[in-house]
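Engineer: This is the structure, below, for whatever I ask next.
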Amino acid sequence: MLQPERSVKHQDWRFVLIAVIAGLGGLLFGYGTGVVAGVLLFLAHDFQLNGTMQGLFVAVALAGAALGAAISGLLADRWGRRRVLLATAALFVFGSLLAALANSVALLFLGRAFLGLAIGVASTVTPLYLAEITTPERRGAIVTINQLYISIGIFISYGVDLLFSDLGSGWRWMLGLGALPALILFVGMWILPESPRWLIKQGLIDRAESALQYLRSTTQVAEELESLQQGNANTQRMALRSLFNNRKLRRLMIIAVGLAVFQQVTGINIVLYYAPKILQETGLSSPFMAILATGGIGLVNVLATIISMRFLDSLGRRKLLLWGLWGMLFSLLGLSLEFLTNLQGALGATLIVLTSAVFVAFFAMSLGPIFWLLISEIFPLAIRGRAMSLATVINWLSNMLVAGVFLDLVGAIGRGATFLIYALMTFLAILFTLKLVPETKGLSLEEIERQFISIP
């Protein structure tokens, strides 16, 4: 009676190890985007970057991410999820070191562009890989490991920013240390199997069976293998244009694109990118204290993501999404009011930190992870990689637009009105979710495909 229990525990530990290694792609995503919050405080001095150039520094990585996301689906469908993640890790190392060692604005921006390219690929392929290797009953938690790693990456980046905030060229260490998790991902991916679903799609049945045996820690995978083969047999080759020509697939694409846009236009990355700058102008004049306060927000992001992992597979995606969006809405209204009343000094900074932390918490429990989870679930296998790629491109372009115009928008209408716009976008996201977003908890990817393709 003890052997089965040991086998289950062994399976769980192996699967957790696999998910932890694969999820490092999310950590690269989080670190690469979060570290800019501290870096911006120093580049204005070292490279004489004005507000527009600082916005461009943020945007160039986002443009690279959009390009990376655009090609990631084709690469993942052609070469496999595992090999693409290996290449992404290598590219992240190169971009991080190039930016860290840059002695000119051109090299600095080029390094960030390569880094963005790697982030864009990782943002698509990591949740895709995690969704395809897990079982239905824990897919929500496992795929959300990607979002957890994004949160941890952001938090670590704030810690690194804080550690080097008193060094004259500390920004070089902030950028360069991003190469370390990329090296760990590169080494770790060598021990992981390819996605069984991708292998079956390529006709590599024996390798798919071996991958399943490794993932499930058992040789008894015949039933699951047969189910995956049947699902692949029922899926016809689809062109990318079918996402727009086919009414049922078009509905799924509208859901994915809508969530991609709303995840960004509700203002999350404004808080993550510009929090130290905002807090400095509010009353925390020391870069150390501004980054420390931002680090507290980053910790809230991590803890709230852990909470979401606990409830995604029990409460479901739709309910948790709606609950979180309402919390985001009221938090944004609070931030807008605080800025409109022009709070200054320690009291103003404290209120802004607390309200921002509440906003980030609700985001991390809902729209943050659920967007990535849903786009990895709702599309048919034949077009999943390319469809996720397209949705992720829209996500990064929205990110680039929001981050790129934030400083100019604040200069034109003020912070209060700017955050009021984000609140309006959040209310529209609530209406969108109520109207269109489905529930997918507890269903296998093949069951989701059959159910959604049969939508009248």
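The values are calculated or read from the model by the stated rules, or taken from the named source; none is laboratory data. Quantities reported herein were computed from a predicted structural model and do not represent experimental measurements. Cβ: placed from backbone, ideal geometry, glycine included. Neighbour counts: every protein chain shown. Side chains are part of the model used for accessible areas, which takes the heavy atoms of the whole protein and leaves out ligands, DNA and RNA. Shrake-Rupley method; radii C 1.70, N 1.55, O 1.52, S 1.80 Å.
Residues are listed down the side, and each one gets a yes or a no for (1) touching an Asp or Glu at 6+ places or on another chain (Cβ under 6 Å); (2) within 19 Å of Leu373 (Cβ to Cβ); (3) free of Cβ contacts under 8 Å to residues at least 40 places away in the same chain:
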residue: Ser389; (1), (2), (3): no, yes, no
residue: Tyr422; (1), (2), (3): no, no, no
residue: Glu439; (1), (2), (3): no, yes, no
residue: Gln451; (1), (2), (3): no, yes, yes
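Engineer: Continuing with this model, one more query. Quick one: which of Leu86, Leu97 is farther than 17 Å from Met189 by Cα, aliphatic (A, V, I, L, M) and modelled with pLDDT of 90 or more?
Structural biologist: Leu97
Engineer: Please verify whether Trp190 is of a type outside the set (Val, Ile, Thr) and surrounded by 14 or more Cβ atoms within 10 Å (Cβ to Cβ), treating the condition exactly as stated. Talk me through it step by step, then tell me what you get.
Structural biologist: Working: of a type outside the set (Val, Ile, Thr): yes; surrounded by 14 or more Cβ atoms within 10 Å (Cβ to Cβ): no.
Criteria not met by Trp190.
Engineer: Among the residues that make up the stretch 405-424, is at least one of them touching a Lys or Arg at 6+ places or on another chain (Cβ under 8 Å), among the hydrophobic types (A, V, I, L, M, F, W, C) and in a helix (DSSP H, G or I)?
Structural biologist: Taking the stretch 405-424 first, the residues touching a Lys or Arg at 6+ places or on another chain (Cβ under 8 Å) are none.
No, because not a single residue in the stretch 405-424 is touching a Lys or Arg at 6+ places or on another chain (Cβ under 8 Å), among the hydrophobic types (A, V, I, L, M, F, W, C) and in a helix (DSSP H, G or I).
Engineer: Then there is this: For the stretch 310-349, how many residues meet the condition of being buried (at least 16 other Cβ atoms within 10 Å of the Cβ) and among the polar types (S, T, N, Q)?
Structural biologist: Adding up the residues that qualify gives 2.
Engineer: Which ones in the stretch 220-260 are open to solvent by 70 Å² or more (accessible area, probe 1.4 Å), farther than 27 Å from Ile394 by Cβ and modelled with pLDDT under 80?
Structural biologist: Gln220, Gln230, Ala233, Asn234
Engineer: Run down Ser123, Ser104, Ser151 and say which single residue is without any contact (Cβ under 8 Å) to a residue 24 or more places away in the chain and of a type outside the set (Val, Ile, Thr). Don't jump to the end; show me each part of the working.
Structural biologist: Details: Ser123 fails: without any contact (Cβ under 8 Å) to a residue 24 or more places away in the chain; Ser151 fails: without any contact (Cβ under 8 Å) to a residue 24 or more places away in the chain.
Testing whether each residue is without any contact (Cβ under 8 Å) to a residue 24 or more places away in the chain and of a type outside the set (Val, Ile, Thr) leaves just Ser104.
Engineer: Where residues in the stretch 296-309 are open to solvent by less than 40 Å² (accessible area, probe 1.4 Å) and out of contact with any Ser or Thr (no Cβ under 7 Å at 6 or more places or on another chain), which of them is nearest to Ile156 (Cα to Cα)?
Structural biologist: Among them, the one singled out is Gly298.
Engineer: Right, another one. If you scan the stretch 390-419, which residues turn out to be modelled with pLDDT of 85 or more and open to solvent by less than 10 Å² (accessible area, probe 1.4 Å)?
Structural biologist: Ala391, Thr392, Asn395, Gly416, Thr418, Phe419 - these are the residues of the stretch 390-419 that are modelled with pLDDT of 85 or more and open to solvent by less than 10 Å² (accessible area, probe 1.4 Å).
Engineer: Can you find a residue in the stretch 355-369 that is under 24 Å from Ile119 (Cβ atoms) and of a type in the set (Val, Ile, Thr)?
Structural biologist: yes
Engineer: Within the group Leu192, Leu175, which residue is of a type outside the set (Asp, Glu), part of a helix (DSSP H, G or I) and over 21 Å from Leu320 (Cβ atoms)? Before you say what the answer is, go through the steps one by one.
Structural biologist: Values: Leu192 fails: part of a helix (DSSP H, G or I).
Answer to the selection: Leu175.
Engineer: How many residues are open to solvent by 10 Å² or more (accessible area, probe 1.4 Å) and under 19 Å from the mean Cα position of the chain (by Cα) when one looks only at the stretch 37-56?
Structural biologist: Qualifying residue count, the stretch 37-56: 0.
Yes or no, residue by residue, for (1) at pLDDT below 85; (2) assigned to a helix (DSSP H, G or I); (3) within 15 Å of Thr440 (Cβ to Cβ):
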| site | (1), (2), (3) |
| --- | --- |
| Leu107 | no, yes, no |
| Ala113 | no, yes, no |
| Gly116 | no, yes, no |
| Ala131 | yes, yes, yes |
| Arg139 | yes, yes, yes |
| Ile145 | yes, yes, no |
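Engineer: Now, a different point. From (1) free of Cβ contacts under 8 Å to residues at least 60 places away in the same chain; (2) under 26 Å from Ile133 (Cβ atoms), pick out the condition that doesn't hold for Leu167.
Structural biologist: The failed condition is (2).
Engineer: Take the residues of the stretch 71-107 that are open to solvent by less than 10 Å² (accessible area, probe 1.4 Å) and more than 19 Å from Gly30 (Cα to Cα): which is farthest from the chain's Cα centre (by Cα)?
Structural biologist: Applying the filter and picking the extreme gives Ala102.
Engineer: If I filter the stretch 357-371 down to residues being open to solvent by less than 10 Å² (accessible area, probe 1.4 Å) and part of a helix (DSSP H, G or I), which single residue comes out as nearest to Thr392 (Cα to Cα)?
Structural biologist: Among those that are open to solvent by less than 10 Å² (accessible area, probe 1.4 Å) and part of a helix (DSSP H, G or I), it is Phe371.
Engineer: Do we find that Ala59 is modelled with pLDDT of 85 or more and open to solvent by 10 Å² or more (accessible area, probe 1.4 Å) in this structure?
Structural biologist: So Ala59 fails the test.
Engineer: Okay, next question. Considering each of Ser123, Ser165, Ser157 in turn, give the residue that is over 25 Å from Leu86 (Cβ atoms), among the polar types (S, T, N, Q) and either part of a helix (DSSP H, G or I) or open to solvent by less than 30 Å² (accessible area, probe 1.4 Å) (or both).
Structural biologist: Ser165
Engineer: Any residue in the stretch 82-96 that is under 30 Å from Gly203 (Cα atoms) and in a loop (DSSP other than H, G, I, E, B)?
Structural biologist: The answer is no; no qualifying residue exists.
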